[in-house]
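Structure first, then comments.
The values are calculated or read from the model by the stated rules, or taken from the named source; none is laboratory data. These numbers come from a predicted model, not from an experiment. Here the Cβ positions follow ideal geometry from the backbone for every residue, glycine too, while neighbour counts run over all protein chains shown. Calculation scope for accessible area: heavy atoms of the full protein, side chains included, ligands and nucleic acids excluded. Shrake-Rupley method; radii C 1.70, N 1.55, O 1.52, S 1.80 Å.
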Amino acid sequence: MPIDSFAPIDRRLIDVPLPNEHDGYPAHFKAEDTIDVIRDACGDTGREFPASLWIEPKDWPDKARENDVKKRWPLNYVDRFTNQNPTHECTCHALTRLAEGCRNRQRSIKFPDGPKKAFRYEESKRSGSVWLSPLSIYAEANPRQWGGAGCRQVLEIAVRRGFLPEKIQPRDYKFKHDLQGTTGAGGLNQSKGPWPSLSSFPAGWQETGELFKPKEIVYTDNWEQVVCLVLHGYLVEVGRSGHAIPYAIWNPTEEAMGYVDSYDVMRWDSKGTVKGASSGAFAIVSMTTPKDWLNPAGTLPAEALAL
Amino acid sequence: MIQIDKTTAMVLGAVVLLLIFTNVKGCPVGPGPGPTPPANQITIVTYFWDKETTGTVPGPILDALDELNKRPGLTATNFENDDDVPENLKDDLAAARQVGLPAIVAANKDRVIRAAKDPKTTEQALAIAL
């Protein structure tokens, strides 16, 4: 179904509260995730929202219309849903959407309808899309497994030592090291498995982590900057109401922000919620680039690269 | 009349076919390397840009790269001006810097074919691969 950012939104999908037991982003983490803290977490990779990306709010509808026609939403660089149910891994599911979406944007391959539940795009295999494991970050962020993590926390880990790929991929990359994606429900495009302590990661895993590191982060100061990043095609991670999610499309009619929820579904935040969530928001705008997108770890023989 | 058993007939037929195809230009037999691609065949297109001047990859360029990626045997990507470029793109980046960033560069694994400065439209970007 073609994406129409102006379409009416089912009220049941706006400002959806998750059950308390799904609280992967408790209030104390929200209090810590300020722009200053995010700036520190980014280190040399971080920069403030650049003026060149500003779009006047009066121009947002025109930009949205263009994005609909040309498929330039961040949503169009996301080729899968993940499903964390019933875990507390949300910050890392959101972060892997940002990292994967950024890689796909660099790879310049669009997925026409965005992520679809229990569906695998042929383009994912053809382009060399790589699916990253949320657990590869969350296991270090919270060794106790339950209780969630902070957006700053998980970003700092990813910037420092990168992600591991999941055990399910759109094609066989023969990664030396991989990790199950979630201890939750998973799905067609996400592997699930038992809780992995950091000490149980495959030996030498840091080598593969280096291949999937954020190189540049843009952090925002206000909600309008968040909307501008989304209009430019960048996923933005925010945490609010006990849950962290990646913003992926702006609806000018409803003034609501759609996100790729880690429950196999698209949901929406109202403008009020977006305003409250935007402190400490960030986008990954650059990831490490492989020499060969179809052989990102360099482990495949030449004859295996033919489609 | 000469009687030939089935197996012999099949072998003779295969030999005949082999002789035919080895004498047809452009049709290699067996696991050979195949026809040599032309020296100027474009298999890689890269848009190089600089965050300080370009800000982000313009939408029409992303559209063009996505379109080019649908062509078999062609990989189109974008890369921000950075010395940490993969080894196989170093010459391409040098060509882009020579014409001035942002630039789109068409190449293959052996050499840079052409570079064009600052394409504004999807059509201008697609033209690099003509």
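For B:Asp5, what accessible surface area do you get with a 1.4 Å probe? Give it in Å², rounded to 10.
Around 90 Å² of this residue is reachable by solvent.
Leaving out same-chain residues fewer than 8 places away, which lysines sit with a Cα under 19 Å from that of A:Lys192?
Counting by Cα, and skipping residues close in sequence, A:Lys192 has these lysines nearby: A:Lys116, A:Lys117, A:Lys167, A:Lys174, A:Lys176.
Given the C-alpha centroids of region A:74-103 and region A:1-55, what is the distance between them in whole angstrom?
The two parts, judged by their Cα centres, are 12 Å apart.
With r defined as the distance between the Cβ atoms of B:Lys6 and A:Ser197 and R0 fixed at 45 Å, what FRET efficiency is calculated, to the nearest 0.05?
E(calc), rounded to 0.05, equals 0.10.
Count, for each residue of A:213-225, the Cβ atoms from other chains sitting within 10 Å of its Cβ, then give me the mean as a whole number.
Mean partner shielding for this stretch: 1.
State, in square angstrom and to the nearest 100, the accessible area buried between chains A and B, both chains counted, probe radius 1.4 Å.
Result for this pair: about 1800 Å² buried.
I'd like to know which of A:Pro17, A:Tyr263, A:Ala51 lies farthest towards the positive end of the charge dipole of chain A, counting +1 on Cβ of Lys and Arg and -1 on Cβ of Asp and Glu.
Working it through, the farthest residue towards the positive pole turns out to be A:Tyr263.
Taking 0.36 nm per residue of sequence separation and subtracting the Cα-Cα distance, how much length would be gained by fully extending the chain between A:Trp146 and A:Glu32, in nm to one decimal?
Result for the pair: 39.2 nm of gain on full extension.
Taking beta carbons within 10 Å but only from partner chains, what does the mean come to for residues B:56-69? Walk me through the numbers on the way to the answer.
Numbers: counts 10, 5, 1, 9, 3, 1, 10, 6, 1, 6, 12, 2, 1, 7.
Neighbouring Cβ atoms belonging to other protein chains average 5 per residue here.
Provide Rg and Dmax in Å for the protein assembly as shown, with only Cα atoms included in the calculation.
Final numbers for Rg and Dmax: 24.2, 98 Å.
Taking +1 at the Cβ of each Lys and Arg and -1 at the Cβ of each Asp and Glu, which of A:Ala149, A:Cys102, A:Pro134 sits farthest along the dipole of region A:94-157 towards its positive end, judged by Cα position relative to the Cα centre?
A:Cys102
Considering every residue in B:70-83, what mean count of other chain Cβ atoms within 10 Å of its Cβ is obtained?
3
What does the accessible area per residue of the protein assembly as shown come to in Å², with a 1.4 Å probe and no ligands, DNA or RNA counted?
44 Å²
Say R0 is 41 Å: what FRET efficiency, to the nearest 0.05, do A:Val265 and B:Ala39 get from their beta-carbon distance?
0.20
Give me the number: length gained by fully extending A:Ile55 to A:Lys125, i.e. 0.36 nm times residue separation minus the C-alpha to C-alpha distance, one decimal in nm.
21.8 nm
Taking the Cα centre of region A:208-282 as origin, sum charge times position over the Cβ atoms of Lys and Arg (+1) and Asp and Glu (-1), and report the length of that vector in debye to the nearest 20.
80 debye
Between region A:133-208 and region B:43-65, what is the C-alpha centre distance in whole Å?
31 Å
Count the DSSP beta bridges whose two residues both fall in the protein assembly as shown, then state the antiparallel fraction as a percent rounded to the nearest 5.
Counting DSSP beta bridges with both partners in the protein assembly as shown, the antiparallel share is about 75 percent.
Just want the answer: with Cβ charges of +1 for Lys and Arg and -1 for Asp and Glu, which residue in A:Asn295, A:Gly239, A:Ala118 is farthest toward the dipole's positive end in chain A?
In chain A, that residue is A:Asn295.
Once label points are set 7 Å from the Cα along Cα→Cβ at both B:Asp84 and A:Asp62, what is their separation, rounded to one decimal in nm?
Placing both labels 7 Å beyond Cα along the Cβ direction yields 3.6 nm.
Might you report the magnitude of the Cβ-based charge dipole of region B:56-130 about its Cα centre, with Lys and Arg at +1 and Asp and Glu at -1, to the nearest 20 debye?
Roughly 340 debye, rounded to the nearest 20.
In debye, nearest 20, what is the charge dipole magnitude of the protein assembly as shown about its Cα centre with +1 on Lys and Arg Cβ and -1 on Asp and Glu Cβ, if you could check?
Numbers: 50 positive and 56 negative charges, 232 e Å.
My answer is approximately 1120 debye.
So, with a 1.4 angstrom probe, what is the percent of accessible area on chain A that is carbon and sulfur?
53 percent
Taking chain A as a Gaussian network, where each spring joins two C-alpha atoms under 10 Å apart, which residue of A:Pro19, A:Pro214, A:Pro246 fluctuates the most?
A:Pro19
Which one of A:Gln153, A:Gln106, A:Gln84 has the biggest mean-square fluctuation once chain A is modelled by GNM with Cα springs under 10 Å?
Residue with maximal mean-square fluctuation among A:Gln153, A:Gln106, A:Gln84: A:Gln106.
Of all the stretches in chain A, which is the longest one without any exposed loop site, taking GluC sites (Glu not before Pro) in a DSSP loop (any state but H, G, I, E, B) with at most 15 other Cβ atoms within 10 Å?
Working: sites that count: A:Glu210, A:Glu255.
Counting at most 15 other Cβ atoms within 10 Å as exposed, the longest clean stretch of chain A is A:1-209.
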